Every structure is written in structure tokens, then in C-alpha cells.
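Peer 1: Structure incoming, see below.
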Amino acid sequence: MTTYAPTLRWTAAALIALSLTGLTAEASSSSRTPDLGAAPAVIATDIQMPWGMAFLPGGDALITERQTSRVLRIGPGREPELVRTIPDVYLPGGDGGLLGLDLSPRFAWDKRVYVYYTAVGGESRIARFTLGTDEPLEVVLAFTRGENHSGGRLKFGPDGMLYATVGDGRNPGNAQDLTNLNGKILRVTPDGRPAPGNPFPHSPIWSYGHRNPEGLAWDARGRMYSSEFGEDAVDEINLIRPGRNYGWPMVEGMGDTDNGRLTNPLITFPTAEAGPSGIAISGNTLYMACLTGQRLYTMPLVKGRIGEPKAYFPGVHGRLRTVEIAPDGALWLTTSNHPRQPREGDDHILRFPHADKIPGDLS
């Protein structure tokens, strides 16, 4: 039986059993197609390295600022509004800080917002707070972190469970160690417990063998995809299945699967042309925001496979961190140029409108 690392812990709230009957979350897909040929609207400027994003009812969004520990509310025609400052955030020399964010599947009733961050004391934490209140932050899961390769994407899946991408902490051996949560994709209940149906007994681990995954998205059929930073040669997009080993550190990119014990990626990219972070899916298209490559890729999805990528905006907006599809079908995109090479007004939140017609609409 898999055992936990000694530093893994749950809070008291996370030890309470949760009934999940009827709990669902909307898949990250839309019937409308974003118009990437249109001039984008600038939703916000002077944001300090935006990382996580989730849409509120009504069309505004919450975002995290990696370096300031702030959660902001943004929207068309409004000034960014401070919602909450997350305490005890630790910003190492690598890629930690305040990272992923998502809303509870029951947000209409509980108003809960979830965040992922690297914390003082050598931990990574998943915590939640109630929007519009001064109630203290509640940590639901905490585990040992490294100084780099933090992962950080946080998403509720179509099954109502909470998924988190966790990098290997810059210790490649962590990725193959099932007693350590680094180098994994995790699946937990909203209270932080290992989710029912996970592949390893009493464990939050959903998949392993990851180096530094930063993107998560689901297609309309419920298939889960993740983007992942490689080391020297190639970056990846993987089709994530429970219990699978994605090969790091034995394999980077495509390689020997050891008679099926390891899982190859769907597609790879030269590291200079990608540096993948957030991904999103609209209809049958996957979108990937790239840091090193400073571009947005689109890729057709066909029955869990990926077609020929197409690059948009190479170098135009600089480093791109997060892409999300809004409830109205528009595509929101964040730059990540601060503090390395900020341009005027960086960082920006851009919105590309959806096309006027819905695919298949003959009207």
C-alpha cells in the first residue's frame, strides 16, 4: 500500500467526509470559436505577473498575481479590485509564489475560491476562502515543496474533483516516488481528501512521472490534457489517464515506453518554441500559451489525438502565461513579461471575442 511522505498533512476540515452526489463542474469547452484575427480588447494593464484565472457569474474574472500574493477582480470597463491578499506566500528564486486559482463547483451557494501557492516553511498549499468575507484562509492540503518546478495549475474537473499540477521540486527522483506529491497531478475532493476512485489507495495522486506541468484542460468528452515543461530538448502535451507514468526523469518527450509501463506525450515542441504554461479547450481546439516561445498555439483535437499546431502572435505580446475560455466563448490571454522584460503597461489581460456564428449554425 502506498504511504504518505511524513510532511504530507490534512487540516481538520479536510478529514471530514464529503458527499459528492450530484457535484459537477463545467468542462473547459465552448460551442463558440474565439476570433484570433480580431483586435483584442485590453481588460487590464499593470498587473504583476498574472497566473491563475477563473470566471465569476456575470463575466468578470478573478486572477492571482504571482509576486504580490494578491487576488484581483477584473472585468471590461472596470479598474482591478483587490479581493484578498494571501498570507505566508513564499516567492523562491524559481517559479513559485501565488499560482493557480479556481472557483468551487458550488460557488453559487458557497462562494468559495481555491488557490495554490508556495508557502513559508517549505510547503506548497492548496487553500480556500469565501469571497466577500473576512473569514480566514483555510488550508485543505499541504505538502513539501522544492525551490523550483512548482507546477501550480488548479482546476475543478467535470467530475467535481479538484486537480492540481505539481512539479518535481527540481528533484527528478520525486516524480517516480509515490510517497511524494511532487512531480504528480493530484486529484482531491473540495475538502482536500484523496478523491474516490483514485488509482492508488488512500492517495491524492492521479498520475506521476511529471517534470513541471502547468496546464490542465478537459475536452467535451471529459478527456484531460496537460502541458509540461521539458528540460533541454522538448516540451509536451499529454493525455492524462489515471495511474499512468509519464516517464520523467527516464524519458524526456517521446521515448522507450518500457513495454507500456511509461506513457508517451501526444505531441512535443522544441523548448525554444514553447515553454508551455496554461492550456484551454474550445470545441475541438486546444489552445496553449507559451512563455519561452512567446506565442499562442492552436491545435485540433480528434478523438484524443492532436493535429498540426498553428502559432499565433509570435513575439507580439511577449511571454504568455494563461489562456482561458470565458463562458461567452471569448478567449482571455495573460502576458507574463514582468519583471524580466516588461513592456509598456505590462502585464496585460487580453480578450479576443468569439466568432459571431456558432459552429454548425446555418442561420
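Peer 1: For the chain, what does the helix formula give at 222 nm: sum of -39500 (n - 2.57) over DSSP H segments with n ≥ 4, over the residue count, nearest 500 deg cm²/dmol?
Peer 2: Taken over the chain, the calculation gives 0 deg cm²/dmol.
Peer 1: What accessible area per residue, rounded to a whole number of Å², is obtained for the stretch 43-272 using a probe radius of 1.4 Å?
Peer 2: Each residue of the stretch 43-272 exposes 35 Å² on average to a 1.4 Å probe.
Peer 1: Measure out, as a whole number of angstrom, how far apart the alpha-carbon centroids of the stretch 139-163 and the stretch 212-249 sit.
Peer 2: 14 Å
Peer 1: Longest exposed-loop-site-free stretch of the chain, with GluC sites (Glu not before Pro), DSSP loop and at most 13 other Cβ within 10 Å?
Peer 2: The segment 27-343 is the longest one with no such site.
Peer 1: For the chain, set up a Gaussian network in which alpha carbons nearer than 10 Å are linked by springs, and say which option among Asn259, Asn171, Asn284 fluctuates the most.
Peer 2: Most flexible of the set in this elastic network: Asn259.
Peer 1: Looking only at the stretch 90-108, which residues have a backbone nitrogen under 19 Å from a spot 7 Å from the Cα of Glu147 in the C-beta direction?
Peer 2: Answer for the stretch 90-108: 90-98.
Peer 1: In whole angstrom, how far apart do the alpha carbon centroids of the stretch 76-123 and the stretch 281-360 sit?
Peer 2: The stretch 76-123 and the stretch 281-360 have Cα centres separated by 22 Å.
Peer 1: Please list, ordered by chain and number, the residues whose modelled amide H lies under 5 Å from the amide H of Leu286; skip anything fewer than 5 residues away on the same chain.
Peer 2: Answer set, sorted by chain and number: Met299, Leu301.
Peer 1: Now, a different point. How much FRET efficiency would the formula 1/(1 + (r/R0)^6) give for Leu266 and Val83, where r is the Cβ-Cβ distance and R0 is 45 Å, rounded to 0.05?
Peer 2: My answer for the efficiency is 0.80.
Peer 1: Right, something else. Place a +1 charge on the Cβ of each Lys and Arg in the chain and a -1 charge on the Cβ of each Asp and Glu, then give the dipole magnitude about the Cα centre in debye, rounded to the nearest 20.
Peer 2: In total the dipole reaches around 600 debye.
Peer 1: In the Gaussian network model of the chain, springs joining C-alpha atoms below 10 Å, which of Leu154, Leu99, Leu137 carries the largest mean-square fluctuation?
Peer 2: Of the options given, Leu137 has the highest mean-square fluctuation.
Peer 1: When the accessible area of the stretch 205-250 is computed with all protein chains present and a 1.4 Å probe, what percentage of it is carbon and sulfur?
Peer 2: Of the solvent-accessible surface of the stretch 205-250, carbon and sulfur hold 42 percent.
Peer 1: Further question on the same structure: By how many nm would the segment from Arg241 to Arg221 lengthen if fully extended, with 0.36 nm per residue of separation less the alpha-carbon distance?
Peer 2: Between Arg241 and Arg221, full extension yields 5.9 nm more.
Peer 1: According to the square roots a ≥ b ≥ c of the eigenvalues of the Cα gyration tensor, what is the shape class of the stretch 48-99, taking rounded for a/c under 1.5, prolate for a/b larger than b/c otherwise, and oblate for the remainder?
Peer 2: prolate
Peer 1: Here is a follow-up. Over all directions, how big on average is the projection of the convex hull of the alpha-carbon atoms in the chain, in square nanometres?
Peer 2: 17.8 nm²
The values are calculated or read from the model by the stated rules, or taken from the named source; none is laboratory data. Quick caveat, the model's predicted, so the values are computed rather than measured. A quick note on method: Cβ atoms are made from the backbone with ideal geometry, for glycine too, and the neighbour counts reach across all protein chains shown. SASA here: full protein model, heavy atoms, side chains in, ligands and nucleic acids out. Shrake-Rupley method; radii C 1.70, N 1.55, O 1.52, S 1.80 Å.
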